[in-house]
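Okay, structure first, notes after.
The values are calculated or read from the model by the stated rules, or taken from the named source; none is laboratory data. Only a predicted model underlies this, so the values are computations on that prediction, with no experimental measurement involved. Note that each Cβ is placed from the backbone with ideal geometry, even for glycine, and that neighbours are counted across all protein chains shown.
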Amino acid sequence: MIRINENLTIEDWELTETFMRSSGPGGQNVNKVSTAVELRFEAERSPNLPPAAKVRLKKLAGRKWTKDGAVIITAEKHRTQPRNRAEAEEKLVALIKQALFRPKYRVKTRPTMASKRRRLEGKKQRGQVKVLRGKIDDQ
């Protein structure tokens, strides 16, 4: 069981771990020991995850989201299984916490008349500076 925050936990049945050979550091050890971890979280079937968070998680996960609604996290940075397993769990927790955060709704506003006037005045002043840089006629 993984604790995301005080209100949300992920049960063991929602997670599946598979181990494979890593491409990371380890010399000849890489060819013999399966240290890389592939953590599969059944997000679509999770009863604990709110529906809005599932939608945001799907968007955040991108290519890590499978067609059957699972998120696949891989970790192969370290030379041992436990460290890679812990890293995969940390990545999953960070992704879910990011999905739980509801972004602030942006209210569209129009520029005020005064701000439009200030912008145009600034453009006129800048144009005057550039005109003064031109060639001087000696007549």
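Kindly indicate which of Leu39, Leu49, Leu57 is within 21 Å of Met1 (Cα to Cα), part of a loop (DSSP other than H, G, I, E, B), in contact with a strand residue (DSSP E or B) (Cβ under 9 Å, 6 or more places away or on another chain) and not charged (D, E, K, R).
Only one candidate qualifies: Leu49.
Considering only residues that are exposed (fewer than 10 other Cβ atoms within 10 Å of the Cβ) and among the β-branched types (Val, Ile, Thr), which ones fall in segment 95-139?
Those that are exposed (fewer than 10 other Cβ atoms within 10 Å of the Cβ) and among the β-branched types (Val, Ile, Thr): Val107, Thr109, Thr112, Val129, Val131, Ile136.
In the list Thr112, Thr66, which residue meets the criterion of being at pLDDT 95 or above, of a type in the set (Val, Ile, Thr) and more than 19 Å from Asn7 (Cα to Cα)?
Thr112
On the given criteria, is Ala36 over 20 Å from Thr9 (Cβ atoms), in contact with a Phe, Trp or Tyr (Cβ under 7 Å, 6 or more places away or on another chain) and surrounded by 10 or more Cβ atoms within 10 Å (Cβ to Cβ)?
yes
Do you know which of the residues in segment 65-111 that are in contact with a helix residue (DSSP H, G or I) (Cβ under 9 Å, 6 or more places away or on another chain) and assigned to a helix (DSSP H, G or I) is nearest to Lys32 (Cα to Cα)?
Leu95
Filter segment 59-92 for residues that are aliphatic (A, V, I, L, M) and either within 16 Å of Glu44 (Cα to Cα) or within 11 Å of the chain's Cα centre (by Cα) (or both) and give the result.
Leu60, Ala61, Ala70, Val71, Ile72, Ile73, Leu92
Name every residue in segment 16-30 that is surrounded by fewer than 17 Cβ atoms within 10 Å (Cβ to Cβ), closer than 27 Å to Lys97 by Cβ and in contact with a helix residue (DSSP H, G or I) (Cβ under 8 Å, 6 or more places away or on another chain), in order of residue number.
Across segment 16-30, the qualifying residues are Glu17, Phe19, Gly24.
So, in segment 32-52, of the ones that are small (Gly, Ala, Ser) and over 18 Å from the mean Cα position of the chain (by Cα), which residue ends up nearest to Ile73 (Cα to Cα)?
Checked segment 32-52; the qualifying residue nearest to Ile73 (Cα to Cα) is Ala36.
Using beta carbons and a limit of 9 Å, which pairs, at least six apart or on different chains, have the first residue in segment 60-76 and under 14 Å from Val93 (Cα atoms) and the second one in a loop (DSSP other than H, G, I, E, B) and of a type outside the set (Gly, Ala, Ser)?
Val71/Glu42; Ile72/Thr66
Name every residue in segment 15-59 that is among the hydroxyl-bearing types (Ser, Thr, Tyr) and touching a residue at least 60 places away in the same chain (Cβ under 8 Å), in order of residue number.
Across segment 15-59, the qualifying residue is only Ser22.
Taking Val33 as meeting all but one of (1) in a loop (DSSP other than H, G, I, E, B); (2) in contact with a helix residue (DSSP H, G or I) (Cβ under 9 Å, 6 or more places away or on another chain); (3) within 30 Å of Lys104 (Cα to Cα), write down the number of the exception.
(3)
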